[in-house]
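Participant: Dropping a structure here in structure tokens format, bear with me for questions.
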Amino acid sequence: MFQLQWISAGVIVGMLIACIVVPPTRKQIAVPSPHDTDVFHTDTGCVRTHAIEVPCGEEADSFNLLASLGKK
């Protein structure tokens, strides 16, 4: 009824199709560098960032304080 050679051939072809069609995703949490153009996968979708370097202000801690106020 089932032939082992056709089952193994189907598994191999399926793995090849899955590797080509489904792109690899980035699993670790990372901050994008200015030269990083990869796609980041988030809970709500995919994001491609274009980060640029900006000079730090006199009070760099205030940026962290403002960011932490939005998280509750």
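Every number in this text was worked out from the coordinates using simple rules, so none of it is lab data. Given the structure is predicted, the values throughout are model-derived calculations rather than measurements. Quick reminder, even Gly has a Cβ in these numbers, built from the backbone with ideal geometry, and neighbours come from all protein chains shown.
Participant: Note down the nm distance, to one decimal, between modelled labels 7 Å out along Cα→Cβ at residue 38 and at residue 19.
Facilitator: For the pair residue 38/residue 19, the computed spacing is 1.9 nm.
Participant: Now, a different point. Modelling each spin label as a point 7 Å along the Cα-to-Cβ direction, I'd like the residue 47/residue 9 distance in nm, to one decimal.
Facilitator: 4.7
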